[in-house]
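Some notes on the structure that comes next.
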Amino acid sequence: MSAPMTPAPVLTPPMRDVGPPPPAVAVMPRKQPLKGKISKRGERVYHLPESRYYALSRIDPDKGERYFATVGEAEAAGWRAARL
């Protein structure tokens, strides 16, 4: 007769630091299609839906970026149109 078998220990992977959570990304309101981005140089630039980089632009409200309903609203707040 053989000795009873003991179950193998369960190995769990070590916990790893996954870093901070990703930055908050604002969801575009339907009636505010202009994207107000802040450049690396601190310039406040808005992108229209037909702008070249509109689809690539992501708004980070933690950096002060925001959406605008109209060009007039963006410019009154001190933002300029994208040059591209």
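The values are calculated or read from the model by the stated rules, or taken from the named source; none is laboratory data. Quick caveat, the model's predicted, so the values are computed rather than measured. Neighbour counts run over all protein chains shown; Cβ positions are idealised from the backbone, glycine included.
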task: Report yes if Y67 is at pLDDT 95 or above and either in a loop (DSSP other than H, G, I, E, B) or not β-branched (V, I, T) (or both), otherwise no.
output: no
Per the list (1) touching a strand residue (DSSP E or B) at 6+ places or on another chain (Cβ under 6 Å); (2) modelled with pLDDT of 80 or more, residue check on M28 breaks on (2)
Meets criteria (in a loop (DSSP other than H, G, I, E, B) and modelled with pLDDT of 95 or more) for G78: yes
